[in-house]
Amino acid sequence: MIIWISFIIFVTILLALDLLVFNKNAHVISTKEATKYTILWVSIALAFTGAIYLIYNGSYISNPEELYSSKASIKYITGYLIELSLSIDNIFVIAIIFKSFAIEQRYQHRVLFWGGIVGALIFRAIMIFFGVALIREIDWMTYIFGAFLLYTAFKMLVSKDDEFNPKESVIYKLARRWFPVTDRIEGQDLFIRKMGGKLIATPLFLALIVIELTDVLFALDSIPAILAITSDPFLVFSSNIMAIIGLRSMYFFLSNLLDKFQYIHYSLIAILTFVGLKMILVHYIHFPEWVSLTFIFIALMVGGLVSKLYPSNP
């Protein structure tokens, strides 16, 4: 329990630094600034591998899979890379949401912080808890999760980028029905108080709600994918959360580069297909940890290389 509490305190400190120090004032985040913070958050996540090694080497936490310290470290890194790579597809959707609600770039960080981070911590913790419990109690749930990942990969293969319209989503329509909404951006405020004391939601709040619900939908893919690597709750949670923390900086870093890496989409399909098959075959074929890690690296490298060599929009 001490390790869990310490990790949550550590994450809280990182979030406080991000919101109250690094991004205290609303501003347009340049590619250079986004690159700097992306490197920072990725470095912290990778450095946390050392903490994982020490925690499992010293048996400071329950170890249901009886993992060696080195094996636990590899599983953490693999889970982190899976979540990070699948987040790339999430960035496409976030960009569409901001464009649809006409959210200025200087206000986007605040929406991403509350919608993509704080809410994600709560919802993903719940989903991880139930996901781990299901896999441990019901062996055949691995087949269900595996089949779901294969179905998701197929949907990604046949879907089109212009199919998603945030303003046609059910949650958007419900929010408009539950809250009076202004069409104007009122600084960083999610709500404003009009004459008579009535609270009115701003477009920032609507964007936050849609992004939060979208993240939950993406978690339905990413969490089963990480569960294909390990069902150790701390490894699943820590790798997931460390990847989410860096998502905002990665969004600002990649949002202007997405058109240059159009084939990364197929890398994500390959990764989902691989982990889906891994879950279905888990009782018949055992894949060493390094196989999963190597496949993810190769899939991302090939997608990036092909995008660079054969750009569709030169």
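Write out, first by first residue and then by second, each pair whose Cβ atoms fall under 8 Å of each other, whose residues are 6+ apart or on separate chains, and whose first residue, in region 92-116, is at positive phi and among the aliphatic types (A, V, I, L, M) while the second is at pLDDT 75 or above and in a helix (DSSP H, G or I).
Here the result reads 102/203, each pair linking region 92-116 to a residue that is at pLDDT 75 or above and in a helix (DSSP H, G or I).
Among the numbered criteria (1) at pLDDT 75 or above; (2) over 13 Å from the mean Cα position of the chain (by Cα), which one does residue 135 miss?
That leaves (1) as the condition not met.
What are the residue pairs meeting all of these: first residue in region 291-307, first residue over 11 Å from residue 85 (Cα atoms), second residue among the aromatic types (Phe, Trp, Tyr) and not in a helix (DSSP H, G or I), Cβ atoms under 8 Å, and 6 or more apart or on different chains?
Sorted first by the residue in region 291-307, then by its partner, the pairs are 303/263; 304/263; 306/263; 307/263.
From the list 68, 56, 37, exactly one residue is under 19 Å from residue 232 (Cα atoms) and either of a type in the set (Asp, Glu) or at pLDDT below 90 (or both). Which is it?
68
Which residue, of 35, 78, is surrounded by 16 or more Cβ atoms within 10 Å (Cβ to Cβ) and in contact with a helix residue (DSSP H, G or I) (Cβ under 9 Å, 6 or more places away or on another chain)?
Step by step, each of 35, 78 is checked, and only 78 is surrounded by 16 or more Cβ atoms within 10 Å (Cβ to Cβ) and in contact with a helix residue (DSSP H, G or I) (Cβ under 9 Å, 6 or more places away or on another chain).
Select, from 21, 28, 11, the only residue that is β-branched (Val, Ile, Thr) and surrounded by 14 or more Cβ atoms within 10 Å (Cβ to Cβ).
11
Kindly indicate whether residue 75 is touching a Leu at 6+ places or on another chain (Cβ under 7 Å), over 20 Å from residue 14 (Cβ atoms) and assigned to a helix (DSSP H, G or I).
Yes; evaluated as a whole, the condition is true for this residue.
Here are some residues: 36, 32. Which one is more than 21 Å from the chain's Cα centre (by Cα), in a helix (DSSP H, G or I), of a type outside the set (Phe, Trp, Tyr) and within 17 Å of residue 252 (Cβ to Cβ)?
32
May I ask you to verify whether residue 82 is under 22 Å from residue 211 (Cβ atoms), out of contact with any Ser or Thr (no Cβ under 9 Å at 6 or more places or on another chain), in contact (Cβ under 8 Å) with a residue 12 or more places away in the chain and not in a loop (DSSP other than H, G, I, E, B)?
no
The values are calculated or read from the model by the stated rules, or taken from the named source; none is laboratory data. The shown structure was predicted, so the numbers you read here are calculated from the model rather than taken from an experiment. FYI the Cβ positions are ideal-geometry reconstructions off the backbone, even for glycines, and counts take in every protein chain you see.
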